[in-house]
Amino acid sequence: MAVPPEDRPIVSRLTRLTSNPQVRYPALVLTYLLIGGSLFNASLDELRGPLEALEERTAWSVHALVSLFTDLTTQRGKLVTLDGFAVSIIIECVGLLEMLIYSACVIAFPAPLRTRALGVLFGCLAIFVFNLLRISTLLIVGRHWGDYFDFFHVYFWQATLIAMIVGVLYAWIKLFVHR
Amino acid sequence: MKRAFLVTVAFVVITMSLTWFWEEFGRLQYGRLLKTVAPTIYDWIGFGDARVGALRQRYINWIPFVGLVIITPGLAWKRRFIGLSLGLATLFLGHLGLNLTEGARRTGHLPFVPSLISDTLPLILWVIVAFPVVANWFDSTPGLIASEPKPDSNRPPDQVDPPTD
């Protein structure tokens, strides 16, 4: 007598494993990242114009934020200066990696479609704002404590990248999913 | 609110200290370790021409992982310790794998997808290690824990608990 597929030990074990959120959620995040990252990578050449515009827009936003507190800031293209200290905004600085990772985390999360869509929208906006704060802080550190610029540049990259994503993801779950 | 603030402060202090340690000593020592260990491993798996340390700037991804695992409240110390050990070993393997993707690098660009995965790995590993704590994120979200029956899901609908008072 044939055993139905779902009753076979290996199939039922696999089914149990993939329905376990501890395995399923990370696997889904990685899958969405692979898909999203590959699509983005494949269209990098076509996106060159918009990405350069985004770099300039980020530079302009940093300038606008810092100029709320001081007149000593200028901006030209991707270059922002604070009293003679300049930083150049490159594509790694605009928060796109963070937004992609965060979006994969939200899309993989078991929540209604509308909640996830709002999560991606508001979360990416929050990451953009956090990123402006990050660059502005670096600009201030570079201007006033130049010796520590390299340290903070490294620190504000990886450590805060994950902290920012976890923070925004947690806020989204608390405010939108569990409300 | 106070707890969230303390957790954030702890994360900042731990990751800043680790970044300082990494910049001052760790990066150099880790580079030496890789130069000793990696060529043998690459030879063994048939990638003898891989360049060790090709994408060394991304090796720092262990810092947020350690920071998150240490500050996660309510995690058993045994799980924390085993999670840290296995997680760091996984990140080390990730670094070895990341070097192999250097060939796919476009001029002036990072190998995008491998870098993305490398940057996400600490978060993924943390979710796995801290799952007993993070599991409540998934509570009351429909569909995910479908395989885990609710305590009363097998009980007939007309069978209810008697009132207790």
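No lab work stands behind these numbers, since they all come straight from the coordinates. Bear in mind the structure is a predicted one, so any value in this text is a computation, not a measurement. Here the Cβ positions follow ideal geometry from the backbone for every residue, glycine too, while neighbour counts run over all protein chains shown.
According to the calculation over all Cα-Cα pairs in the range B:1-82, the P(r) per 5 Å bin from zero is 3, 13, 17, 17, 15, 13, 10, 7, 3, 2, 0 %.
Hey, got the average number of other protein chain Cβ atoms within 10 angstrom for residues in B:65-73?
Values: counts 2, 1, 3, 4, 0, 0, 1, 0, 0.
What the average comes to for B:65-73 is 1.
Of the Cα atoms belonging to the range A:34-179, the radius of gyration and Dmax stand at 16.5, 49 Å. Placing +1 on the Cβ of every Lys and Arg and -1 on the Cβ of every Asp and Glu, with nothing else charged, gives the range B:1-87 a dipole about its Cα centre of roughly 340 debye.
Under the rule of -39500 (n - 2.57) per DSSP H run of 4 or more residues, summed and divided by the residues of chain A, what mean residue ellipticity at 222 nm is obtained, to the nearest 500 deg cm²/dmol? Intermediate results must be reported in sequence, preceding the final value.
On the way: 6 runs with 119 residues, N = 179.
That comes out to -23000 deg cm²/dmol.
Checking the a/c ratio against 1.5 first, then a/b against b/c, what shape does the Cα gyration tensor give for the range A:1-88? Cα axes put the range A:1-88 in the prolate bin. You can think of it this way: the chain between A:Lys174 and A:Ser12 has 55.0 nm of extra reach, that is 0.36 nm per residue less the Cα-Cα gap. Placing +1 on the Cβ of every Lys and Arg and -1 on the Cβ of every Asp and Glu, with nothing else charged, gives the protein assembly as shown a dipole about its Cα centre of roughly 360 debye.
Using only the alpha-carbon atoms, how far is helix A:113-144 inclined from the longest principal axis of chain A? Give it as 0 to 90 degrees, nearest 10. Around 30 degrees separate the two axes. Farthest towards the positive end of the charge dipole of the range A:1-122, among the residues A:Ile89, A:Gln75, A:Ile10, is the Cα of A:Ile10, using unit charges on the Cβ of Lys, Arg, Asp and Glu.
For the segment A:162-169, counting C-beta atoms of other chains within 10 Å of every residue's C-beta and taking the mean gives 5. Residue ranges A:25-33, A:99-107, A:43-51 sort as A:99-107, A:25-33, A:43-51 when ordered by packing (mean number of other C-beta atoms within 10 Å per residue, highest first). Over all other residues within a Cβ to Cβ distance under 14 Å of A:Val141, the charged ones net out to -1, with Lys and Arg as +1 and Asp and Glu as -1.
Based on the Cβ-Cβ distance from A:Thr31 to A:Leu68, what FRET efficiency comes out when R0 is 35 Å, to the nearest 0.05?
0.25
Shape class for the range A:93-179: prolate, because the ratio a/c of the largest to smallest gyration tensor axis (alpha-carbon atoms, square roots of eigenvalues) is 1.5 or more and a/b beats b/c. Put simply, when B:93-99, A:80-86 are sorted by average Cβ atoms within 10 angstrom per residue, most first, you get B:93-99, A:80-86.
So for the range A:113-164, Kirkwood radius off the Cα pairs, Stokes-Einstein at 37 °C and 0.692 mPa s: how many µm² s⁻¹? D = 269 µm²/s. The range B:15-134 has equivalent-ellipsoid semi-axes of 27, 15, 15 Å, by the square roots of 5 times the alpha carbon gyration tensor eigenvalues, sorted largest first. Peptide packing for B:119-131, B:65-77 was compared via the average number of neighbouring C-beta atoms within 10 Å per residue; ordered from the highest value, the list is B:119-131, B:65-77. What do you get for Rg/Rh over the protein assembly as shown if you use C-alpha atoms and the Kirkwood form of Rh? Using only Cα positions, Rg/Rh for the protein assembly as shown is 1.01.
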